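Read the figures in this text as sums done on the coordinates, not as results from a lab. Bear in mind that the values here come from a model prediction, so they are computed numbers and not experimental data. Methodologically, a virtual Cβ is constructed for each residue, glycine included, from the backbone with ideal geometry; neighbour enumeration extends over all protein chains shown.
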Amino acid sequence: MSDAAPLVLGVLVVCVWLAGLVALDVFTPDDVRAWRRMAGLRGYMTMRTRIERAADRSHWVGALRDALDIERLLAVALRRQTAVAFLSQTAALVLGVFAVLLIVDAAARTVSGAWPLAPLWTLVFAAALGPLAVIELRRAAQRARKEVSRTLIDMTMMLAVITDSRGFQLDDAVRMLGRCADAPAVSRLLSGWDRRLVQLTHPGTVELYRALGAAYRIPALRLLADAAAAANTGISEQQVYTGLAIAMYKDRLADARVRAARSRVLITLPVAAMLLPLLLLIGAPTLSAITGGL
C-alpha cells in the first residue's frame, strides 16, 4: 500500500492541475477570449473567474502580488494578464511538473525496486520553476524598458525635424517613427497602455507621457513629456527636441564610458590571474637559490 501512495498522490495532483486549467479558461473558445481581451483594452470591466475572486479575498496572495510587483511587470512586459492569472498559471505549471516527475520517479521505482530520486527532490525541482518564472518576467520587462528608451532616444532628432518643419503632432510622430524603427514595444505601449496602472479618461499628450513614464518607470518618456510641455509654451520644437537629444546622448555616452571601464576591469583580472603562474615559474628558481644560500 505504501508503494502505491506516490502514484495516488501523482494522480490527485494531475487532477488538481487539470481542474486549475479549466478554471483559468484555458479551454475557452478563442472568440470569447478575444472579446474579453478587447473589452479589457477598452477599459470595460470583465467577468472575473472564481479563482480571481477568491484570490482577491486572500490576504497572502495580495501580499505576494504586491511584494513581487507582478501587475507592473506584466504591464511593462506588454503581457495581457492579471497578476492572479500569472500566479495561478505558475502554480499550475509547478504542480504539473511535480506530478510528471513524481509519476516518472514512481514508475522507475516499480521497475528497479528502488527510488532513483527521493520524492522530496521532485517537489524541490518543481518548486524552483516559480522563482524562474518571476525572473523571466522581470527580464522581459527590463528588455521592454530598454527597447522603449533606446527607440525614444534615437528618434528625438527626427522629432525635432518633422514636428517643426512638417507640422506633425508629437503623438503621431512618435507612433510613426516607432513603427519605422521596428520597435513594437513603443507602438503597443502608446496604443494599448494598461489602464490598471494609468487611469486617465481623456489625457493629453503631455499628461499621458508623464503618467506612462511614472507608471512604467521609463525616464525617457518623462523627459519627452517635459520637452513637449516646453514646446507648448511657444519655444521652437526644433530647439526643444534638439536640446533633449543632446542631453540624452550625453547620458548614453556617460553610461557607455562606465560600462567600458567595468569591462576593462573584468578583462584585466583574468589576465592578471593568468600571469601569476608564469611569475611563479620565473621566480621559483631565484627564490630557491636565495633560500639555499641562506
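A DSSP coil position with no more than 10 other Cβ atoms inside 10 Å describes the following trypsin sites (Lys or Arg not before Pro) in region 157-190: ARG166. Look at VAL186, VAL111 and count the other Cβ atoms within 10 Å of each Cβ; fewest to most, that gives VAL111, VAL186. Placing +1 on the Cβ of every Lys and Arg and -1 on the Cβ of every Asp and Glu, with no other charges, gives region 144-294 a dipole of roughly 440 debye about its Cα centre.
For the listed peptides 125-137, 69-81, a ranking on the average number of other beta carbons within 10 Å per residue, highest first, reads 69-81, 125-137.
Cβ-to-Cβ counts within 10 Å put MET155, MET38 in ascending order as MET38, MET155, the fewest first.
The loop-placed trypsin sites (Lys or Arg not before Pro) in region 198-265, going by DSSP, that have at most 16 neighbouring Cβ atoms within 10 Å of their Cβ come out as ARG217.
Backbone phi angles across region 245-253, fed through the Karplus curve with coefficients 6.51, -1.76 and 1.60 (θ = phi - 60°), yield HN-Hα couplings of 4, 4, 5, 5, 5, 5, 5, 5, 5 Hz in residue order; Gly and Pro are listed as x.
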